[in-house]
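What follows is a short report on a single structure.
The values are calculated or read from the model by the stated rules, or taken from the named source; none is laboratory data. Nothing here was measured: the structure is a model prediction, and the numbers come from that model. In this analysis, Cβ positions are derived from the backbone assuming ideal geometry, glycine residues included, and neighbour counts consider all displayed protein chains.
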Amino acid sequence: MKRYLLPTILTTFLFFIGCENKAEDKEEIKKEQIVIVNENRHLNIPQFWLSKIKNPNAIIMDKAQIERFNQQIRYKNKTTLRMADINSTYTDVFVKSKIDKLFNDIAQNGKFFEDNSTTEQNFFNGIRSNSFISTPILETRFAMTTSMTNEKLIPTDRVILKEKGDIKFDRNQNDVLDIATPLAVLHTSKDNLWSFILSPSSFGWVKNSDIAFGTKEEINEFINNPNFIITTSPKSGLTSSGVYHDYIRMGVRLPFVMENNDTTTVFIPFRDGNGKFVTTNAELQRSDIHHGYLDYTQKNIITQAFKFLNEPYSWGDKNGGIDCSSFMRQVFLTVGIELPRNSLRQSQVGDFNVALPQNIDPIAKQNLIKNLSPNGGGTALLHLAGHIVLYLGEYNGTSYILHGVWGEANRTLPLARVAVTPIEFNDYIDKIDSSTQIK
């Protein structure tokens, strides 16, 4: 899949990532359900893997080291963005080039609608007209998401497919943004229903009804509040005045207000009648949050990652699922590490990236991977084309990984969930091309 991410505001950006989604061939054959036969029933339990680590509570990076790590991602790798670094204005040439990248991709790859009717030029002409920029200098506006919202490649809710019937893969879906995601708004569609935005990790179109506009100072004060909680569950129900509001995912940072019996009160952004940013109180279960970031330890990463076990896979996180790189990003956000939203770029962060040869002896390659993580799992990301996984460790001479995977092959139906698998799953051991230590 393609994901469009923002390295920096002043750099041309277009990166290609994703989780595996295609069958290995188009031959009409009867497919069977994937059955993962793990040699030990304990392999799906985080404590099993933690028991193999000498000191799982050891601090891998402290808060100062994590901040330096994040700065390297922002300013050296240029694959995440800080709202404080956003310019006050941008040229139409700059913004148009970003809009055109997304438009051209969907126009090239989007062949069908959800009902399998063919996309036509008139449809794309209408999108182009609705996205038109008429002024040479665009003033940046700032906003926050007030609910979970889909980020699209072009300003429409229509599902666009590359192949007929491929409804699991909406090519117009770029990402899902959680509530309280800060945004730089660079342009508004002609019908005033959509905004072209930059988020800390991506760019695309979001609905105006899902965002609230504020000043840069208001937004930065909210997201940088030093008294904050971080969400630690894959999905945490959010209530306001006793009424369900939305759910938020793992790794969301919100300002803390007070503790109650079994809930925690936080501030959330709210859209007033004029579309302006205000805050309101909301409640989360105390069991779903942590005050401040978790310590960066192998125990915390493995524990957080296993909370996603069996969560459904979804292209671009649509409809409540999760894809491979979003899985990694959400888990590491709980300790304050801001990974890119791109599997390839995730494999390039930090200073401990090792290229791995492909198509060598599987045992030799597993030994190499094991030797790169002598202290066990929870800190190494393994990359292969279009996919990224978390290394867990070794059992009985076989390496195991945890990943959000589609996993369809020529004779099997998709796995389509977060799962523990041997590293040989779908020939991954041959395809893995790098190991990245997050430290």
Taking the condition assigned to a strand (DSSP E or B), in contact (Cβ under 8 Å) with a residue 40 or more places away in the chain, assigned by TED's automatic domain parsing to the domain that holds SER201 and under 30 Å from GLY407 (Cβ atoms), does ASN150 pass? yes
Which residues, taken from region 202-238, are within 15 Å of ALA180 (Cα to Cα) and among the β-branched types (Val, Ile, Thr)? VAL206, ILE211, THR215, ILE219, ILE223, ILE229, ILE230, THR231
Here the residues within region 222-240 that are surrounded by fewer than 17 Cβ atoms within 10 Å (Cβ to Cβ) and in contact with a Ser or Thr (Cβ under 9 Å, 6 or more places away or on another chain) are THR239, SER240
Failed item, numbered, when LEU138 is tested on (1) touching a residue at least 60 places away in the same chain (Cβ under 8 Å); (2) assigned to a strand (DSSP E or B): (1)
Scan region 152-173 and give yes if some residue there is within 30 Å of ASN300 (Cα to Cα), buried (at least 23 other Cβ atoms within 10 Å of the Cβ) and not hydroxyl-bearing (Ser, Thr, Tyr), otherwise no. no
Region 312-333: number of residues that are buried (at least 22 other Cβ atoms within 10 Å of the Cβ), at positive phi and not charged (D, E, K, R): 1
Restricting attention to region 384-420, report how many residues are polar (S, T, N, Q) and in contact with a Gly (Cβ under 8 Å, 6 or more places away or on another chain). 1
Would you mind finding the one in ASN225, ASN261, ASN281, ASN310 that is free of Cβ contacts under 8 Å to residues at least 24 places away in the same chain and over 16 Å from ARG329 (Cβ atoms)? ASN261
Residue pairs within 7 Å by beta carbon, gap of at least six or interchain, first lying in region 86-109 and in the same structural domain as LYS162 (by TED's automatic domain parsing) and of a type in the set (Asp, Glu), second crowded, with 18+ Cβ neighbours inside 10 Å and part of a loop (DSSP other than H, G, I, E, B), listed first then second, are ASP105/LEU153
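Answer with yes or no whether ILE301 is at pLDDT below 95 and part of a helix (DSSP H, G or I).
Against the criterion (at pLDDT below 95 and part of a helix (DSSP H, G or I)), ILE301 does not qualify.
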Being closer than 26 Å to TRP315 by Cα and free of Cβ contacts under 8 Å to residues at least 60 places away in the same chain: is that true of LEU390 here? no
For LYS370, which of the numbered conditions (1) in contact with a strand residue (DSSP E or B) (Cβ under 6 Å, 6 or more places away or on another chain); (2) at pLDDT 95 or above fails to hold? (2)
Out of ILE17, ILE34, ILE66, report the one residue that is within 20 Å of SER326 (Cα to Cα), surrounded by 14 or more Cβ atoms within 10 Å (Cβ to Cβ), of a type outside the set (D, E, K, R) and modelled with pLDDT under 95. ILE17
For region 355-374, does any single residue satisfy the condition of being free of Cβ contacts under 8 Å to residues at least 60 places away in the same chain and basic (Lys, Arg)? yes
Test result for ASN208, over 19 Å from the mean Cα position of the chain (by Cα), in the same structural domain as ASN130 (by TED's automatic domain parsing) and under 30 Å from PRO155 (Cα atoms): yes
Could we say that GLY407 is surrounded by 22 or more Cβ atoms within 10 Å (Cβ to Cβ) and either more than 25 Å from PRO312 (Cβ to Cβ) or in contact (Cβ under 8 Å) with a residue 12 or more places away in the chain (or both) here? yes
Looking at this structure, is LEU339 surrounded by 15 or more Cβ atoms within 10 Å (Cβ to Cβ) and either part of a loop (DSSP other than H, G, I, E, B) or out of contact with any Phe, Trp or Tyr (no Cβ under 6 Å at 6 or more places or on another chain) (or both)? yes
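For region 213-247, give me each residue that is hydroxyl-bearing (Ser, Thr, Tyr) and touching a strand residue (DSSP E or B) at 6+ places or on another chain (Cβ under 6 Å).
Start the filter on region 213-247 by keeping residues that are hydroxyl-bearing (Ser, Thr, Tyr), which leaves 215, 231-233, 236, 239-241, 244, 247.
Once the filter is applied, which keeps residues that are hydroxyl-bearing (Ser, Thr, Tyr) and touching a strand residue (DSSP E or B) at 6+ places or on another chain (Cβ under 6 Å), region 213-247 yields THR231, THR232, SER236, THR239, SER240, TYR247.
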